[in-house]
Amino acid sequence: MASALLPKREVDQSMFDKGDVAYIIISGALVLFMVPGLMFLYSGLSRRKNALSLIWACFFSNAVVTVTWYLFAYSLAFSPSATNGFIGNFAHGGHKNVLGDPSPGSPLIPALLYSFFQLEFCCVTVAILM
């Protein structure tokens, strides 16, 4: 019932290149596999009693980074309307108006897909630094 009250936003997908979109999806999925790989690497390098603790630490750091990225980190990193060249503003906080717009990295892929791709690298970076 509530979804009937919300206006639907039309997204023109003809401006996005299908090959670039498929490449970013596959690349993002491959980067997604790096986080569990790091979990098992760290647990294999530790003693038996600490292995599960390292797996949980990587898992929860991934969860914290994902929530942080969704709420404000993407907007601070890739806001096209920022006045400062170093850090953005909160124009896209909570992924507001990110769905079908062209990404700041390339106009051939959607901004939501670009956000997913950059999120995976952010998660891997945090997992490596643990």
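Structure notes:
- Overall, the chain carries a charge dipole of about 600 debye about its Cα centre when +1 sits on the Cβ of Lys and Arg and -1 on the Cβ of Asp and Glu, all other atoms neutral.
- Radius, Kirkwood style, for the stretch 73-114 when every pair of distinct Cα atoms is counted (Å): 10.2
- Extension gain (nm, one decimal) between Asn89 and Ser106, 0.36 nm per residue minus Cα-Cα: 4.1 nm
- Cα Rg, Dmax, the chain, angstrom units: 17.6, 56
- In Hz, Karplus ³J(HN,Hα) per residue of the stretch 23-35 (6.51, -1.76, 1.60; θ = phi - 60°; x = Gly, Pro): 5, 5, 5, 5, 5, x, 5, 5, 5, 4, 6, 6, 5
- Pairwise label distance in nanometres, Phe59 with Leu76, each label 7 Å out on the Cα-Cβ vector: 2.7
- Helix-only arithmetic for the chain: the sum of -39500 (n - 2.57) across DSSP H runs with n ≥ 4, divided by the residue total, places the mean residue ellipticity at 222 nm at -17500 deg cm²/dmol.
- Residues of the stretch 88-102 falling in the label zone of Ser14, defined by backbone nitrogen less than 17 Å from a point 7 Å along Cα to beta-carbon, are 101-102.
- Phi-based couplings in Hz for the stretch 114-130 (Karplus 6.51, -1.76, 1.60; Gly and Pro marked x): 5, 5, 4, 4, 6, 4, 5, 5, 5, 5, 5, 4, 5, 5, 5, 6, 5
- Angle in degrees between helix 51-68 and the longest Cα principal axis of the chain, rounded to the nearest 10: 20
FYI, it's all coordinate maths here, none of it is from the lab. Note that the structure is a prediction, hence the values are computed from the model and not measured. Cβ: placed from backbone, ideal geometry, glycine included. Neighbour counts: every protein chain shown.
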